[in-house]
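A.B. asks: To start, I am sharing the structure in question, which I have written as structure tokens.
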Amino acid sequence: MPLAKRIIPCLDVDNGRVVKGVHFEEVKEAGDPVEFAQKYKSQGADELIFLDITASQQGRETMRNVVSNVAKVIDIPFTVGGGIRMLEDAREILLSGADKVSINTAAVKNPELIRDLMSIFGRQCVVVAIDAKKNVGGREARSENSDQEYWFEVKIFGGKTGTGIDAIEWARKVESLGAGEILLTSIDADGTENGYDINLTKSICDAVRIPVIASGGCGEPKHMLEVFKQTDVDAALAASIFHYEKSSVGRVKDYLKSNGIEVRV
Amino acid sequence: MKRNNIAIFDYGAGNLFSLKAALERNGAESVSILRKLNDLGGFTGVVLPGVGNFDPAIRSVEPFKESLLQAMEDAINGGVPMLGICLGMEMLFNKSEEGTLDGLKILDGEVVMLSKKVKIPHMGWNNLSITNSDSKLLRGVSNGSWVYFVHSYFVKPTDKNIVAANSVYGSVIPALVEDGNLFGTQFHPEKSGAVGGIMIKNFLKECTQCS
């Protein structure tokens, strides 16, 4: 299939500034969203994702001005998440220039929101973000993989609150409700720069037929190669390797291409 | 050259801002977002955007159907150009598996779901295989160019001659249809980077050249 694997820089935004957290905490500032967006676009990013990381916790409105300023300068798709609790929030973000909205906590609290968004805006606009954390014990063994010692729990409110929901079951459910894509973040891997959680990513990709974006743990281009080689994932998201210029989107793509991964160059 | 006044129709279902910004970036002097389509006089081009769902979109154009169909006929006959993007293209056909309402039936054919063999939606960058080297929208666009798709359904035109480019995803998918000055893209030119920008400029050029 000629569909290119997508490389997606992620911009965690707090008060209109791009920040990068470690394990969803200890947030540090990294810069201006519009500048980042322009830079990534010119490097060949396939898409951008903005996450207002503190929105769910503090009930903050996602910064619509940032969204529209970014939409003016870039000609690639972008997704905005954080703080979307109801249809009207999603509509406002889409009208500000976002192509897709990503919902996380709100989807868990009110799964029907997924169906409502899908029926009005179309499936392709609806990204469900799943923040998953590996748990050992503390729950009945998963019915389908009862030999495994661990399971992945869906966490909400920026990774801080457990739900008791199995991430694989949740992925299937959001697909059936109308999600067009899953943004899968491993809380364990996020910020470690030790690579994506291959087991988690593979489990979710195998469970659904909608595109999946792998997130959390990318510290070098090799990690993207690993996740594309070892799973059926459609896109790889990264933040720090691009923000701190350890690599560029263009260099990552050249590296992936030379290793047999189809990318848009 | 004529001043380019472009109308974008708003089905009330999403992101028109980035389409408007893309038209402006590529040279449109003014871009209006319309909730009503009864008066298209004064516009040099009309765009049906690609965000939403089939039945609600059809319902939203129902009150202006007659004038819209007339404008589309005119476009086919070389009049004011129209561009339907994604859903905006799908609406031109007879019916869609996404909904139960009739389409606009300006182009003959049906809209069907993508092959179950592949992930749905078809979301991401795919190659164009150009089948009509005289395409007005594809002037200056190389065969094999990457463009951005986000869709779950695709069009099956009865008249294969209107297909100007294909892409492959599960099966061969018409990516661009062109009939006179009526254009439809399954992909999103406004989201397809520099290549998409060339196509938007080409569309705007057609808009300034017809009366």
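The values are calculated or read from the model by the stated rules, or taken from the named source; none is laboratory data. Quantities reported herein were computed from a predicted structural model and do not represent experimental measurements. Positions of Cβ are backbone-derived with ideal geometry, glycine not excepted, and every protein chain shown enters the neighbour counts. Just the protein is used for accessible areas: all its heavy atoms, side chains included, with ligands, DNA and RNA removed. Shrake-Rupley method; radii C 1.70, N 1.55, O 1.52, S 1.80 Å.
A.B. asks: 5 Å is the cut-off here: which amide hydrogens, built 1.01 Å from N in the peptide plane, fall below it relative to B:Ala175, excluding neighbours closer than 5 in sequence?
C.D. replies: Amide H neighbours of B:Ala175: B:Ala165, B:Asn166, B:Ser167.
A.B. asks: Something else: Residues of A:3-16, mean number of Cβ from any other protein chain within 10 Å of their own Cβ, rounded to a whole number?
C.D. replies: Across A:3-16, the average partner-chain Cβ count within 10 Å equals 2.
A.B. asks: Accessible area, 1.4 Å probe, largest first: how do B:Val177, A:Val265 sort?
C.D. replies: Largest accessible area first, the residues go A:Val265, B:Val177.
A.B. asks: Pop out a list of residues from the stretch A:226-265 that are at least 50 Å² less accessible with all the protein chains around than in their chain alone; 1.4 Å probe, no ligands or nucleic acids counted.
C.D. replies: A:Arg264
A.B. asks: Run through the DSSP bridge list for chain A and note the antiparallel percent, rounded to the nearest 5.
C.D. replies: Antiparallel bridges make up about 35 percent of those DSSP assigns within chain A.
A.B. asks: Okay, next question. Using a 1.4 Å probe, what is the accessible area per residue for the protein assembly as shown, in Å²?
C.D. replies: On a per-residue basis, 37 Å².
A.B. asks: How much of the DSSP bridge set in the protein assembly as shown is antiparallel, in percent, rounded to the nearest 5?
C.D. replies: Of the beta bridges lying entirely in the protein assembly as shown, close to 45 percent run antiparallel.
A.B. asks: So, one more: What FRET efficiency comes out for B:Arg59 versus A:Glu112 if R0 is 30 angstrom and r is the Cβ-Cβ distance? Round to the nearest 0.05.
C.D. replies: Numbers: r = 22 Å, r/R0 = 0.73.
Plugging the Cβ-Cβ distance into 1/(1 + (r/R0)^6) gives 0.85.
A.B. asks: Moving on. Please give me, ordered by residue number, the chymotrypsin sites (Phe, Trp or Tyr not before Pro) of the stretch A:224-265 that lie in loop per DSSP and have at most 13 other Cβ atoms within 10 Å.
C.D. replies: A:Tyr244
A.B. asks: Over the C-alpha atoms of the stretch B:5-209, what are the Rg and the largest Cα-to-Cα span, Dmax, in Å?
C.D. replies: For the stretch B:5-209, the Cα-based Rg and Dmax read 15.2, 46 Å.
A.B. asks: While we're looking at this one, here's another question. Heavy atoms only, probe 1.4 angstrom, no DNA, RNA or ligands counted: give me B:Phe149, B:Phe43 ranked by accessible area, highest first.
C.D. replies: The most accessible residue leads, giving B:Phe43, B:Phe149.
A.B. asks: Please give the FRET efficiency for B:Ser171 paired with A:Asp32, using the beta carbon to beta carbon distance and R0 = 35 Å, rounded to the nearest 0.05.
C.D. replies: E between B:Ser171 and A:Asp32, to the nearest 0.05, is 0.20.
A.B. asks: Using the scaling law 2.2 N^0.38 Å as the reference, what is the normalised Cα Rg of the protein assembly as shown?
C.D. replies: 0.95
A.B. asks: Hey, rough spin-label estimate for B:Lys116 and A:Phe157, points 7 angstrom out along Cα→Cβ, what's it come to in nanometres?
C.D. replies: Between B:Lys116 and A:Phe157, the simple spin-label model gives 4.2 nm.
A.B. asks: Let me ask something additional. Hey, rough spin-label estimate for A:Lys229 and A:Tyr150, points 7 angstrom out along Cα→Cβ, what's it come to in nanometres?
C.D. replies: 2.2
A.B. asks: Taking 37 °C and 0.692 mPa s as the conditions, I'd like the Stokes-Einstein D for chain A in µm²/s, using the Kirkwood hydrodynamic radius from alpha carbon pairs. Write out the running numbers ahead of the final one.
C.D. replies: Values: Rh = 18.2 Å.
For the chosen part, D equals 180 µm²/s.
A.B. asks: Under a crude label model (7 Å from the Cα following the beta-carbon direction), how far is B:Lys2 from A:Glu88 in nanometres?
C.D. replies: Reported label-point gap for B:Lys2 and A:Glu88 is 4.2 nm.
A.B. asks: Any idea what the dipole of the stretch A:6-258 comes to, in debye rounded to 20, about its Cα centre with Lys/Arg Cβ at +1 and Asp/Glu Cβ at -1?
C.D. replies: Dipole of the stretch A:6-258, to the nearest 20 debye: 360 debye.
A.B. asks: Here's something else I'd like to know. For a quick check of understanding: with a 1.4 angstrom probe and all protein chains in place, what accessible area in square angstrom does A:Met86 have, to the nearest ten?
C.D. replies: Here the residue's solvent-accessible area equals roughly 100 Å².
A.B. asks: Would you be so kind as to identify all helices of chain B, as entire DSSP H runs, whose Cα atoms reach 18 Å or more along the helix's own axis and whose mean Kyte-Doolittle hydropathy is at least -1.0?
C.D. replies: Qualifying helices: B:193-209.
A.B. asks: When only DSSP loop residues count, what GluC sites (Glu not before Pro) in the stretch A:214-265 have their Cβ near at most 10 other Cβ atoms within 10 Å?
C.D. replies: Working: sites: A:Glu226, A:Glu245, A:Glu262; in loops: A:Glu245, A:Glu262.
Answer by residue number: A:Glu245.
A.B. asks: Could you tell me which trypsin sites (Lys or Arg not before Pro) in the stretch B:91-184 are loop residues by DSSP with no more than 12 other beta carbons within 10 angstrom of their beta carbon?
C.D. replies: Those satisfying the criteria are B:Lys116, B:Lys117.
A.B. asks: Let me ask something additional. To the nearest 100 Å², how much accessible surface do chains A and B cover up together, summed over both, with a 1.4 Å probe?
C.D. replies: The buried area between A and B, both sides summed, comes to about 3200 Å².
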